[in-house]
Amino acid sequence: MGPHSSASTNNVTPPVNGTDDREARPKFWVAACTRSRSEKKACAAISKLGLEYYLPTQTHIRQWSDRKKKVEVAVIPMTIFVNLTESDILTVKRLPLIFRLLSMPGSDKVARIPSDDIDKLKFILGQSESPVDFDTSAFHINTNVRVVRGPLMGLEGQVISSDNESSEIIVRIGILGGARMSIGKIDLELIQR
């Protein structure tokens, strides 16, 4: 080959088996926390990015004074699952309806959800003949937690009671005792000590 041969010096190779670079990267599931009652709009925004998502829903019959109506309800309020690559994380985080991606307890690293867990959830919701309730937290009495969103972000306390939507926490204030408050579970994360 001479100095003016046709060999290329940039190492761009065509996609193997018709896949592009994005498809060749490993994908994993993450939980994206949405704004209240915005799960379906967030799914539409994620779909526009070309990403796969899963919004676990089930049909409930709602009773009004004059009628009954079937409605699709999110099983895990304010949460959708997104199948993405490492390079998609920042793009998804920047979507206006997504306020955070669930992270590993005590870490800033995004929590990866095994595909088997997503498949199990799909199976349960697809096969159950009765409504499925979902407990989104492992907040038990005396669990140490940190507020991760809102005006009290960064505040740490201890769970003293918990229900489906919120946890009552107490924040110790030295010899004065403790301040009690109710915080939505979606706004709390476990503290590993």
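Throughout, read-outs are computed from the coordinates displayed, never taken from laboratory work. Treat the numbers as computed from the prediction; the structure is a model and nothing was measured. Here Cβ is always computed from backbone atoms with ideal geometry, including for glycine, and neighbour counts include all displayed protein chains.
Structure above, values below:
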{"read-out": "Packing rank of 80-91, 108-119, 144-155, where each peptide gets the mean count of other beta carbons within 10 Å, highest leading", "value": "80-91, 144-155, 108-119"}
{"read-out": "All lysines inside 29 Å of Lys70 as judged from Cα atoms, apart from same-chain residues fewer than 8 positions distant", "value": "Lys40, Lys41, Lys48, Lys120, Lys122, Lys185"}
{"read-out": "Relative pair counts by distance (%), Cα atoms of segment 24-134, 10 Å bins", "value": "13, 42, 31, 11, 3, 0"}
